[in-house]
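The values are calculated or read from the model by the stated rules, or taken from the named source; none is laboratory data. Just so you know, these numbers come straight off a predicted model, no measurement behind them. All Cβ positions, even for glycine, are placed from backbone atoms using ideal geometry, and neighbour counts span all protein chains on display. Heavy atoms of the whole protein, side chains included, go into the accessibility calculation; ligands, DNA and RNA do not. Shrake-Rupley method; radii C 1.70, N 1.55, O 1.52, S 1.80 Å.
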Amino acid sequence: QNAADMGGSQIYLSVGETISTRDLFKGISMASANDATVQMAEVLAGTESSFVNMMNKKVQEIGLKHTQFKNCTGLDEEGHYSSAYDMAMIARELIVNYPEILEFSSVYEDYLREDTKNKFWLVNTNKLVRFYDGADGLKTGHTDAAKYCLAATAKKNDLRFIASSITSWFIAIVLGEEDSKTRNQEVMELLDYGFNNYRMNLLKSKDEVVKTMPLDKATKSKVSFVPVSDIGILSKVSEQKKKYTYDVKLDKISLPVKPGDVVGKVVVKNKNKKV
């Protein structure tokens, strides 16, 4: 009942209805559906307030200083705030650890409850996923107080930009725009700047072998080590001539090891200087 009573953007949940988690994710990520967001919060934490406590705890875990949540929808409320930097870091945390979200945020239009008589048509509020090459997320927002906001991400040629060029991620964040057209235009200009001025030097792809070690008296003669994620260096186009190498430093390994175990580090260098 609580979720069904939410106003604003919604997918019109009704009391007693059964809906799939996938459809809730579509409603949240594509349509900013407040009822779907509250329903998901209640499923995960029992109540919205308990889920908001989880949100604020997560913010503290990732070291953000300018965010405090009072609800899970983003609707205007006293003491509910964030910053462009914090939104970029939250977006990065989401994409790095749960890239499956892009499966939902990248879709421009889709159905909910497709196999029922209450079939419902959704169109993504983030128009960039249709009109900007490589865009596959992430989240729009609009309230009277916050005005038009957008955290956007796009990927081209192994390089994903989310707005912080100090990492290999660059998220374009705009807050407080007067209309959605201005919001979208400024985000596209930020993304264009990133793609035009930076490149990724990809040394090894995720799951590509970086080192092997022979095994004695084992069913397999060797074990292979792979990176947890792509190994790459973000650099300006003007610095593309730099050459990078890497060393693999293994920890003291106790057998048996299984896929997923962390066994060491990869150190990237330029002219023997660790970068």
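Using the heavy atoms of the protein chains and a 1.4 angstrom probe, tell me the accessible area per residue for segment 1-63 in square angstrom.
For segment 1-63, the solvent-accessible area averages 52 Å² per residue.
I'd like the orientation of helix 34-45 relative to the chain: the angle between its Cα long axis and the longest Cα principal axis, in ° from 0 to 90, rounded to 10.
The angle comes out near 60 degrees.
Assuming R0 = 30 Å, can you tell me the calculated FRET efficiency for the pair Asp261 and Ser14, based on Cβ-Cβ distance, to the nearest 0.05?
E(calc), rounded to 0.05, equals 0.05.
Place a +1 charge on the Cβ of each Lys and Arg in segment 146-275 and a -1 charge on the Cβ of each Asp and Glu, then give the dipole magnitude about the Cα centre in debye, rounded to the nearest 20.
Here segment 146-275 has a charge dipole of around 880 debye.
Quote the charge dipole size of the chain about the Cα centre in Debye, to the nearest 20; the model charges only the Cβ of Lys and Arg (+1) and of Asp and Glu (-1).
2120
Once Lys and Arg get +1 and Asp and Glu get -1 on their Cβ, which of Val38, Leu24, Asn53 lies farthest toward the positive end of the dipole of segment 1-58?
Farthest towards the positive end: Asn53.
Take segment 1-119, compute every pairwise Cα distance, and split them into 10 Å bins from 0; I just need the percent in each bin.
Calculated over all Cα pairs of segment 1-119, the distribution is 12, 41, 36, 10, 1 percent.
Once label points are set 7 Å from the Cα along Cα→Cβ at both Arg22 and Gln60, what is their separation, rounded to one decimal in nm?
Label at Arg22, label at Gln60, 3.8 nm between them.
Just to be sure I follow: if Rg is taken over the C-alpha atoms of the chain and Rh is the Kirkwood radius over the same atoms, what is Rg/Rh?
Ratio of gyration radius to Kirkwood radius for the chain: 1.03.
Please calculate the 1.4 Å probe accessible area of Ser205, with all protein chains present, and give it to the nearest 10 Å².
50
At a Förster radius of 51 Å, what calculated FRET efficiency corresponds to the Cβ-Cβ distance of Asp144 and Gln240, to the nearest 0.05?
Efficiency, from the Cβ-Cβ distance: 0.65.
Relative to the longest principal Cα axis of the chain, at what angle does helix 21-31 sit, 0 to 90 degrees, rounded to 10?
Result, in degrees: 80.
If you take the C-alpha gyration tensor of segment 1-62, multiply each eigenvalue by 5 and take the square root, what semi-axes do you get, largest first, in whole Å?
21, 13, 11
A 22 angstrom limit on the alpha carbon distance is what I want to check against. Which of Lys249/Lys271; Lys204/Lys274; Lys70/Lys127; Lys65/Lys156; Lys222/Lys273; Lys236/Lys274 exceed it?
Lys70/Lys127; Lys65/Lys156; Lys222/Lys273
Can you give me the % of accessible surface on the chain that is carbon or sulfur? Probe 1.4 Å, all protein chains present, nothing else counted.
50
Taking the alpha carbon gyration tensor of segment 149-275, what are the square roots of 5 times its eigenvalues, largest first, to the nearest whole Å?
Gyration-tensor ellipsoid for segment 149-275: 39, 18, 11 Å.
Under unit Cβ charges (Lys, Arg +1; Asp, Glu -1), what dipole magnitude, rounded to 20 debye, does segment 1-145 have relative to its Cα centre?
Result for segment 1-145 is approximately 180 debye, rounded to the nearest 20.
Pairing the Cα long axis of helix 48-61 with the longest principal axis of the chain, what angle in degrees results, from 0 to 90 and rounded to the nearest 10?
30
Give me the one-decimal nm value for the distance between modelled label points at Glu178 and Thr212, 7 Å along each residue's Cα-to-Cβ direction.
It is 6.4 nm.
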